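The next block holds one structure in the form of structure tokens; read it before the comments.
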Amino acid sequence: TNLQLKRPDLLRSQAYINGEWLDADSGKTLAVINPASGVVIACIADLGVDETRRAIAAAEQAQKLWARKTAKARANILRQWFNLIMANQQDLAAILTAEQGKTLAEAAGEIAYGANYIEWFAEEAKRIYGDIIAPPSADKRILVIKQAVGVVASITPWNFPNAMIARKVAPALAAGCAFVCKPAKETPLSALAMAVLGEEAGIPAGVFNVVCGSSASAIGGEMTSNPLVRKLTFTGSTPVGKTLLQQCAATVKKTSMELGGNAPFIVFDDADIDAAIAGAMASKYRNAGQTCVCTNRILVQRGIYDEFAEKLAAEVRKFQLGDGAAAETTMGPLVNSKAARDVTALVDDALANGATALTGGRASSLGDCFYEPTVLTGATREMRVFKEEIFGPVAPLFAFDTEEEAIEMANDTEFGLAAYFYTQDHARIWRFGEALEYGIVGINEGLISNEMAPFGGVKESGSGREGSKYGIDDYVEIKYLCLGGL
Ligand code: ADP
């Protein structure tokens with residue numbers, strides 16, 4: 001590999017269990033490939049069920065001591081982890097770009113974004129409050145305390161190899177849980193680099209473990225069946241989330257599910273069109289369209305449809321597609337060639353059913369992971385792009401006439417993660433904002449995710465919230481203590 005790191009020790013190929021760096025029992029390894037070049041970056045330990053079980057057992061032991069530390073002590077370690085991540089931001093970004101493909105600027109942004117959750121929950125660790133409740137009889141007192149749920153298992157996707165883990169591990173550790181994470185097989189290196197810095201920050205052995213491998217169903221199967229795991233936190237597709245929920249039912253685990261989305265982006269006649277274009281660019285094309293809050297369907301009121309389409313296409317034509325590590329690149333490849341084939345099939349379906357590509361509309365000649373940033377006009381509800389998550393740099397534009405039609409189209413999906421709309425009418429802002437069946441709504445704003453706000457979906461987009469003062473709730477249990485005989 002040609003990765004130039006200030007700290008080459010951040011690039012690890014062994015797994016991290018109970019404070020030790022380990023190969024797979026089987027000796028097997030798994031290649032991690034740079035999607036821009038096809039070059040192998042590292043061959044990592046390819047773990048299975050046995051190592052996962054050992055990691056969970058180690059976490060169970062470590063959790064007891066970790067939870068007994070003062071909140072302030074846990075906070076100080078998390079704060080130190082945040083500091084180390086930010087001090088190594090460029091190296092972490094270089095590793096992330098190499099394994100995932102996004103541009104270096106976006107990768108550095110992701111590192112800071114993820115670190116913000118660690119900083120935030122370092123602070124929130126000290127703000128886990130109980131209650132004292134009025135008793136029904138004079139000789140009793142009712143107290144409520146909140147305690148860590150115990151061992152947390154985490155399964156995360158490849159689109160944010162650092163931040164999806166940071167958003168989960170930060171509240172878990174703040175609350176006093178121990179954590180066993182399975183990164184996506186495409187992007188384990190960012191998780192392992194986080195472990196190097198976590199160890200340096202003083203996270204005790206066993207409190208944070210990284211179990212990497214090629215068999216998601218083997219590792220995930222152990223995580224979801226092992227009774228020592230009290231909670232599963234998952235980010236990924238809705239079908240896999242449903243499977244994991246079923247598997248967790250057998251031992252009644254708590255779950256947090258951040259699943260798929262089908263975000264509508266609605267532009268009304270009275271919108272500031274230039275602001276809407278900027279918002280659409282940010283929410284649609286970030287990470288080459290591979291985020292769960294990415295705009296999936298752009299609904300434009302008919303009076304401004306043509307103007308909006310032309311302006312959007314003009315902006316999209318400015319993208320410089322290429323290797324994310326190159327300075328001039330403004331959009332990287334998709335994560336792998338299957339992702340590019342999936343996007344191709346969705347666009348081909350739209351084109352075959354009457355859509356027009358104002359720009360793009362085909363795979364790029366740069367390599368089999370690249371797809372040209374695309375704007376489609378004349379999209380209709382019969383096309384796959386209306387119903388399915390695109391996860392690529394493709395914006396289909398649907399026309400609508402009335403606000404009633406817009407809300408009906410916007411909510412016509414089993415998903416409910418993020419939605420966006422642009423209007424200058426403040427009565428409509430409330431009316432439409434309240435009518436959208438989504439967990440997150442951007443109003444005249446395309447960038448909605450930060451550590452201070454609650455991130456999460458409704459309907460089949462999942463349950464639980466990450467970030468904000470609510471985020472810690474997913475990692476604590478409520479215990480009621482009844483004092484009698486007073
Ligand atoms: P994506 O489309 O983002 O890859 P997936 O839901 O397929 O979404 O993957 C998200 C995470 O879920 C990845 O870490 C993947 O390895 C994991 N995963 C996929 N299938 C299973 C499974 N059957 N059991 C456990 N984890 C799984």
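Read-outs: derived from the displayed coordinates by stated rules, not from any lab. Note that the coordinates shown come from a computational prediction; the quantities given were computed from them, not determined experimentally. Cβ atoms come from the backbone with ideal geometry, glycine included; neighbour counts cover every protein chain shown.
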*For the range 312-334, does any single residue satisfy the condition of being outside any loop (DSSP other than H, G, I, E, B) and polar (S, T, N, Q)?*
no
*Among (1) without any contact (Cβ under 8 Å) to a residue 40 or more places away in the chain; (2) over 24 Å from the mean Cα position of the chain (by Cα), where does ALA350 come up short?*
(1)
*Within the range 109-123, which residues are surrounded by fewer than 24 Cβ atoms within 10 Å (Cβ to Cβ) and either in contact with a strand residue (DSSP E or B) (Cβ under 6 Å, 6 or more places away or on another chain) or charged (D, E, K, R) (or both)?*
GLU119, GLU123
*What number of residues within the range 181-199 are touching a helix residue (DSSP H, G or I) at 6+ places or on another chain (Cβ under 6 Å) and either away from the ligand (no atom under 13 Å from the Cβ) or closer than 17 Å to PHE82 by Cα (or both)?*
7
*Would you please list the contacts, defined by Cβ atoms under 7 Å and residues six or more apart or on different chains, that run from a residue in the range 220-240 that is farther than 18 Å from VAL49 by Cβ and assigned to a strand (DSSP E or B) to a residue that is within 12 Å of the ligand (Cβ to nearest atom) and not charged (D, E, K, R)?*
THR233/SER154; PHE234/ILE155; PHE234/GLY241; PHE234/LEU244; PHE234/MET257; THR235/THR156; THR235/PRO157; THR235/MET164
_Just the residues that are surrounded by 24 or more Cβ atoms within 10 Å (Cβ to Cβ) and closer than 23 Å to GLY457 by Cα, please, taken from the range 207-223._
none
*asked:* Take the conditions surrounded by fewer than 17 Cβ atoms within 10 Å (Cβ to Cβ) and within 18 Å of CYS181 (Cα to Cα) and apply them to GLU20. Does it pass?
replied: yes
_Out of everything in the range 228-243 that is more than 8 Å from the ligand (Cβ to nearest atom) and under 27 Å from LEU78 (Cα atoms), what residue ends up being farthest from the chain's Cα centre (by Cα)?_
LEU228
*Of all the residues that make up the range 113-156, how many are part of a loop (DSSP other than H, G, I, E, B) and of a type outside the set (Asp, Glu)?*
12
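Here's the yes/no breakdown for (1) closer than 24 Å to GLU382 by Cβ; (2) in contact (Cβ under 8 Å) with a residue 24 or more places away in the chain:
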| position | (1), (2) |
| --- | --- |
| THR255 | no, yes |
| ILE273 | no, yes |
| LYS284 | yes, yes |
| TYR305 | yes, yes |
| ALA314 | no, no |
*Can you work out which of the residues in the range 25-41 that are closer than 12 Å to GLY367 by Cβ and of a type in the set (Gly, Ala, Ser) is surrounded by the most Cβ atoms within 10 Å (Cβ to Cβ)?*
ALA36
*Check SER225 against each of (1) within 16 Å of the ligand (Cβ to nearest atom); (2) within 21 Å of the chain's Cα centre (by Cα); (3) not charged (D, E, K, R) and name the one condition it does not meet.*
(2)
*Scan the range 244-251 and give yes if some residue there is surrounded by fewer than 17 Cβ atoms within 10 Å (Cβ to Cβ), without any contact (Cβ under 8 Å) to a residue 12 or more places away in the chain and near the ligand (Cβ under 9 Å from one of its atoms), otherwise no.*
no
*Which condition number does GLU310 fail, the rest of (1) of a type in the set (D, E, K, R); (2) more than 30 Å from ILE95 (Cβ to Cβ); (3) touching a helix residue (DSSP H, G or I) at 6+ places or on another chain (Cβ under 9 Å) being met?*
(3)
*From the list ILE266, ILE277, pick out the single residue that is β-branched (Val, Ile, Thr), surrounded by fewer than 24 Cβ atoms within 10 Å (Cβ to Cβ) and under 30 Å from VAL375 (Cβ atoms).*
ILE277
